[in-house]
Amino acid sequence: MNGTRELLEDSRYRVSSFDPIVSPVVSPHTLIVGTMPGITSHGLSVYYGHASNVFWWIAGEALGFRRGGPHMEREWPDQFQTKPAKDILSGLLQVSAPILSYQEQVAQLTGAGFALWDVVKECGIKNSDDTSIRDCTPNDIKGLVERHPSITKIVFASGKTSAKLFAKLNKGWLKEGQFKLGGGEFTISTFSTKVLNQSALPGAIELVVPFSVSPAAAAVRFAAKRDQWLSAVFNVPVEL
């Protein structure tokens, strides 16, 4: 993992993203992209590191584990730098599943065919506010997908924010490539005018823009995020 964060002035940073995480043995079917690691994630050198970021909590619901924190020697769930939101803990279904370290969670996720990266390679940002991103350089997501042609789904973990940035930075690819629109709360509103001719060909890449996993999107309850991600991202049946 790389990824840097340099303070410039007045809460503004120059930041760079982590390397992509892809299993060396399991061909990925789904690429999950965020925007740019936040302050907590950069500090810990982990994807989705904030205790109240719901990504790893939802991944655990789908794959059968409980998210462990950086202090695995402590009682669960008091293993994080800050307390996870009560809404998350009260909404967990996998209450008896094994507690996994970050490295074990990554292995479980990538072993199930999921890969991780971010839309932005380098940018200026205020604290961890994705909406304040300026002067950004994109990651070569098209190149990653070409190196891993098994990928048939791209999920935007930060919801509309990461998806709109992706659309802005990848206009040519969206226009010329083979894409189709999948589930998720914001997929149609984000991409319906960007992907004009959806492809029915095998290998077309499905775009999915679900509720954001960010703790800044706390207006949406954990249970709603969990159910949408289980259905649209992890293909796990959800009881209504």
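Computed from the coordinates by the stated procedures, all read-outs in this text should not be read as laboratory data. Everything numeric in this text was worked out from a predicted model, so none of it was measured. Every residue, glycine among them, receives a Cβ derived from its backbone with ideal geometry; neighbour counts consider all protein chains shown.
Would you mind pulling out the separation of the Cα centroids of region 68-99 and region 41-64, in Å?
Using only Cα atoms to place each centre, the spacing works out to 11 Å.
Excluding same-chain residues fewer than 8 positions from Lys164, which lysines have a Cα within less than 29 Å of its Cα?
List returned: Lys121, Lys126, Lys142, Lys153, Lys175, Lys180, Lys194, Lys225.
Shape of region 50-150 from its Cα gyration tensor (a ≥ b ≥ c, root eigenvalues): rounded if a/c is under 1.5, otherwise prolate when a/b > b/c, or oblate? The partial results should precede the final answer.
Values: a/c = 2.53, a/b = 1.42, b/c = 1.78.
Oblate shape, in that a/c is at least 1.5 and b/c is the bigger or equal ratio.
Collect residues whose amide H, placed 1.01 Å from N in the peptide plane, falls under 5 Å from the amide H of Ile205; neighbours closer than 5 in sequence don't count.
It is Gln178, Phe179, Lys180, by chain and number.
How compact and how long is region 1-118, expressed as Rg and Dmax of its alpha-carbon atoms in Å?
For region 1-118, the Cα radius of gyration and maximum Cα-Cα distance read 14.7, 46 Å.
Just for the Cα atoms in region 101-166, what are the lengths along the principal axes, largest first, rounded to whole Å?
The Cα atoms of region 101-166 stretch 34, 31, 19 Å along their principal axes.
Below 19 Å, Cα to Cα, which aspartates and glutamates can Lys168 reach? Residues fewer than 8 away in the same chain don't count.
Hits, sequence-local ones excluded: Asp118, Glu122, Asp129, Asp130, Asp135, Asp140, Glu176, Glu206.
Where the eigenvalues come from the Cα gyration tensor of region 91-240, what are the semi-axes √(5λ) of the equivalent ellipsoid, largest first, in whole Å? Provide the component values of the computation, followed by the final result.
Working: eigenvalues 124, 78, 57 Å².
They are 25, 20, 17 Å, listed largest first.
What whole-number distance in Å separates the alpha-carbon centres of region 1-35 and region 200-238?
Each part's Cα centre sits 20 Å from the other's.
Could you rank the peptides 201-214, 67-80 by their average count of other C-beta atoms within 10 Å per residue, with the highest value first? Can you show the working numbers first?
Values: 201-214: 20.1, 67-80: 15.4.
Result, highest mean Cβ count within 10 Å first: 201-214, 67-80.
Give me, ordered by chain and number, the residues 5 or more places off Gly34 or on other chains with an amide H under 5 Å from its own placed amide H.
Excluding prolines and chain starts, which carry no amide H, the hits are Trp117, Asp118, Val119, Ala157.
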